Amino acid sequence: MSDPLRTGAERTWDGERELDRAVNEIEGFLLWEAEKDRARTRAEAFCAALPWLTDSQRQDVAVRYCQDQHEISRAYLQRIAVRSASLRTEYEGVYRILRRRLVTACVSATTVLVALVTVAAAGLTR
C-alpha cells in the first residue's frame, strides 16, 4: 500500500522504522532465549549440588528453578522497560527545551545582526 502522495524520503523513513522495529524484536527474542539458556544452566548447577535427588526430583527442581528464574527475569525486564520509557519521556522534554532555547538564541542573534547591519547601512548613507 504505497501512498503516491508521500515522498521517497517519507517512505524510506517508514521503512527504516519498520526495520528498526524488526531488529529490536529479533534482538529481544535472542536475549530472552539467552536468558532461558542461562536459567537452565543455573538450574543444572543448582541440582548438581544436590546429589541426593533422584532423577525425577532433579528434573522437577530444575523445571521449577527455571520457572522462578523466568518470572524474576520477566519482572526485571518489565521494570527496565518502564524506567526506559520514563527516561525517554524525560529526555525528550529536555531536548525540546534545549531546542527551543537554541532556536530562540539563533532568532535573537539574527535579529540583532539585522538591526546592526541596518543601523550601519543607515549610518553609511548619511
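Restricting the first member to the range 39-53 and to residues that are closer than 17 Å to residue 67 by Cβ, and the second to residues that are open to solvent by 40 Å² or more (accessible area, probe 1.4 Å) and among the basic types (Lys, Arg), the beta-carbon pairs closer than 7 Å and six or more apart or on different chains are 47/58.
Among the residues in the range 101-109, are any modelled with pLDDT of 95 or more, open to solvent by 90 Å² or more (accessible area, probe 1.4 Å), closer than 30 Å to residue 28 by Cβ and in a helix (DSSP H, G or I)? Within the range 101-109 (the criterion being modelled with pLDDT of 95 or more, open to solvent by 90 Å² or more (accessible area, probe 1.4 Å), closer than 30 Å to residue 28 by Cβ and in a helix (DSSP H, G or I)), the answer is no, since none of the residues qualifies. Against the condition at pLDDT 90 or above and surrounded by fewer than 10 Cβ atoms within 10 Å (Cβ to Cβ), how does residue 37 come out, does it pass? Here the answer is no, as residue 37 does not meet what is asked.
For the range 19-29, a residue qualifies if it is open to solvent by 100 Å² or more (accessible area, probe 1.4 Å) and either under 16 Å from residue 74 (Cβ atoms) or not in a helix (DSSP H, G or I) (or both), and exactly one does: 29.
Would you confirm, using the coordinates I've provided, whether residue 74 is open to solvent by less than 100 Å² (accessible area, probe 1.4 Å), basic (Lys, Arg) and modelled with pLDDT under 95? Spelling it out, it is not the case that residue 74 is open to solvent by less than 100 Å² (accessible area, probe 1.4 Å), basic (Lys, Arg) and modelled with pLDDT under 95. Return yes when residue 92 is under 26 Å from residue 24 (Cα atoms) and in a helix (DSSP H, G or I) and no when it is not. Answer is yes for this residue. Every condition in (1) at pLDDT below 95; (2) part of a helix (DSSP H, G or I) holds for residue 112 except the one numbered (1).
The values are calculated or read from the model by the stated rules, or taken from the named source; none is laboratory data. These numbers come from a predicted model, not from an experiment. All Cβ positions, even for glycine, are placed from backbone atoms using ideal geometry, and neighbour counts span all protein chains on display. Keep in mind that these areas ignore ligands, DNA and RNA; they rest on the heavy atoms of the full protein, side chains included. Shrake-Rupley method; radii C 1.70, N 1.55, O 1.52, S 1.80 Å.
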